[in-house]
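Asker: Before I ask anything, here is the structure I am working with.
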Amino acid sequence: MKRVIAIANQKGGVGKTTTAVNLAASLAATRRRVLLMDLDPQGNATMGCGVDKSKLTVSACEVLLGEADMASALVTVEQSGFTLLPANQDLTAAEVRLLSLPIARETKLRHALQPQREQFDVIIIDCPPALNMLTVNSLVAADSVLIPMQCEYYALEGLSALLNTVEQIRIAANPGLSIEGVLRTMYDPRNNLANEVSNQLVAHFGDTVFRTVIPRNIRLAEAPSFGKPALFHDKESRGALAYLALVGEMIRREEGANVVPRPAPAAASATPPQAPGQPPAPHPATNGGEHHDGVAGVPPPGAPGSESSLSKDPS
Ligand code: ADP
Ligand code: MG
């Protein structure tokens, strides 16, 4: 797996930042070299990694404006094993300045990232809750976009605007931009409406919807207050396990392997019912089942059954 993934949805509160931070930690746990870029002026991903956004001297703002090298702004998040490009409210000013540029304002992030791309296997971008110049820069710099969605009444609203933006960016600047997948977040299987919307999503988007479902889980919500991904707050929590399972699914999708889903155990299941004709979704915590270095279901790079050597940089 070697790509830049933008986590985008212009709705706020759908789980973008939670997904970005926990996906970064889960990928790092498989010994992949991971960079998490915070592109939201709220700096939630930065704080969620335990970095104080009020004490940044160099951040995503200066990098985006070309006033500092990406390398000079990067912070190693020791415990979590990945690297962070931190952000704070200065990014709002950066966005305004970008808008005033006559040319190349959409490609600033891509160019800033270029010297760092080979240093990392996976680069994750946490986008702001808007289809603004920061999100456009993220989508132009990305290889794929992962869309977290809450299964609630207005979930689909705004999705067509996001998909239109993706299409426009494909045409104008980034023809290779693909949809990584739609991720159901904060899922509560006891909620009938959530089940209905989930089925609609699967009926509409088919295999684009990840089978892994992120359950509503208190550990995911409280981990940021400790400045940690859930994996380092409570590694046995359903939330932490769900994000590990997501990584397993992403890797297996890339392999194109025909994985027969396992039946979910009855207890603590967060798996929604599937639309007619859909295979049963595996339980988030039991996707896969291999154990490598204590990370359930997620092969490290180069392990037997992990992604092909094509996707790894041979150098
Ligand atoms: P966004 O980045 O899209 O605005 P966040 O990731 O910040 O969304 O999530 C919004 C709120 O919901 C946060 O308080 C977060 O802790 C909480 N949250 C996100 N995902 C979950 C989950 N799976 N279970 C419980 N709370 C969650
Ligand atoms: Mg956010």
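Taken together, the values in this text are just the output of simple stated rules run on the coordinates, not laboratory data. The structure presented is a predicted model; accordingly, all values stated were derived computationally and were not measured. As a convention, Cβ positions derive from the backbone with ideal geometry for all residues, glycine included, and neighbour counts pool all protein chains shown.
Asker: If we count other beta carbons within 10 Å of each Cβ, what is the order of TYR153, TYR187, fewest first?
Answerer: Lowest count first: TYR153, TYR187.
Asker: I've got another one for you. Say each of ILE171 and PHE226 gets a label point 7 Å from the Cα, pointing the same way as Cα to Cβ; how far apart are those two points in nm?
Answerer: A separation of 4.8 nm, rounded to one decimal place.
Asker: Sorted from fewest to most neighbouring beta carbons within 10 Å, what does the list THR92, THR57 look like?
Answerer: THR57, THR92
Asker: If the limit is 23 Å between Cα atoms, which of LYS2/LYS235; LYS16/LYS53; LYS55/LYS228; LYS2/LYS108 go over it?
Answerer: Exceeds cut-off: LYS2/LYS235.
Asker: Hey, another quick one. Would you mind ranking ASP52, ASP126 by Cβ crowding within 10 Å, fewest neighbours first?
Answerer: Ordered from fewest to most neighbouring Cβ atoms within 10 Å, ASP52, ASP126 come out as ASP52, ASP126.
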